[in-house]
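Asks: Quick one: the structure is below, and I'll ask about it shortly.
The values are calculated or read from the model by the stated rules, or taken from the named source; none is laboratory data. Being a predicted model, the structure only gives us computed values, none of them experimental. Here the Cβ is made from the backbone with ideal geometry for all residues, glycine too, and neighbour counts use every protein chain on show. When the accessible area is computed, the model is the full protein with side chains, heavy atoms only, and any ligands, DNA or RNA have been set aside. Shrake-Rupley method; radii C 1.70, N 1.55, O 1.52, S 1.80 Å.
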Amino acid sequence: MAYVISDACVNCGSCEPECPVTAISQGDTQYVIDAGACIDCGTCAGVCPTGAISPE
């Protein structure tokens, strides 16, 4: 089960460098997680200041 980023994302970018498999990238309006690449480690959720990242 991959993690997802909700609309609460404020585009701060703190999650992107924390992903060990580079599954996070800047989307059109907010950061997005590639579900196929996500290894469900939760590291990104731990650094998100708005709590916008959660398990799908």
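Asks: With ALA52, ALA23 as the choices, which residue is surrounded by 12 or more Cβ atoms within 10 Å (Cβ to Cβ), under 9 Å from the mean Cα position of the chain (by Cα) and in contact (Cβ under 8 Å) with a residue 40 or more places away in the chain? Before the answer, list the steps.
Replies: Details: ALA23 fails: in contact (Cβ under 8 Å) with a residue 40 or more places away in the chain.
Result: ALA52 is the single residue among ALA52, ALA23 that is surrounded by 12 or more Cβ atoms within 10 Å (Cβ to Cβ), under 9 Å from the mean Cα position of the chain (by Cα) and in contact (Cβ under 8 Å) with a residue 40 or more places away in the chain.
Asks: Of all residues in segment 26-41, count the ones that are in a loop (DSSP other than H, G, I, E, B) and either under 9 Å from the mean Cα position of the chain (by Cα) or of a type outside the set (Gly, Ala, Ser) (or both).
Replies: Number satisfying all stated conditions: 8.
Asks: Let me ask you something else. Among (1) within 10 Å of the chain's Cα centre (by Cα); (2) assigned to a loop (DSSP other than H, G, I, E, B); (3) at negative phi, where does CYS44 come up short?
Replies: CYS44 satisfies every listed condition except (2).
Asks: Write out, first by first residue and then by second, each pair whose Cβ atoms fall under 8 Å of each other, whose residues are 6+ apart or on separate chains, and whose first residue, in segment 1-20, is touching a residue at least 12 places away in the same chain (Cβ under 8 Å) while the second is among the hydrophobic types (A, V, I, L, M, F, W, C) and open to solvent by 50 Å² or more (accessible area, probe 1.4 Å).
Replies: Short answer, once both residue conditions are applied: ALA2/ALA35; VAL4/ALA35; ILE5/VAL32; SER14/VAL47; CYS15/VAL47; GLU18/VAL47; PRO20/ILE39; PRO20/CYS41.
Asks: Whether any residue in segment 9-16 is outside any loop (DSSP other than H, G, I, E, B), touching a helix residue (DSSP H, G or I) at 6+ places or on another chain (Cβ under 6 Å) and among the acidic types (Asp, Glu) is what I want to check. Outline the logic, then answer.
Replies: Start the filter on segment 9-16 by keeping residues that are outside any loop (DSSP other than H, G, I, E, B), which leaves 16.
Checking which are touching a helix residue (DSSP H, G or I) at 6+ places or on another chain (Cβ under 6 Å) leaves us with none.
No, there is no match, as no residue in segment 9-16 is outside any loop (DSSP other than H, G, I, E, B), touching a helix residue (DSSP H, G or I) at 6+ places or on another chain (Cβ under 6 Å) and among the acidic types (Asp, Glu).
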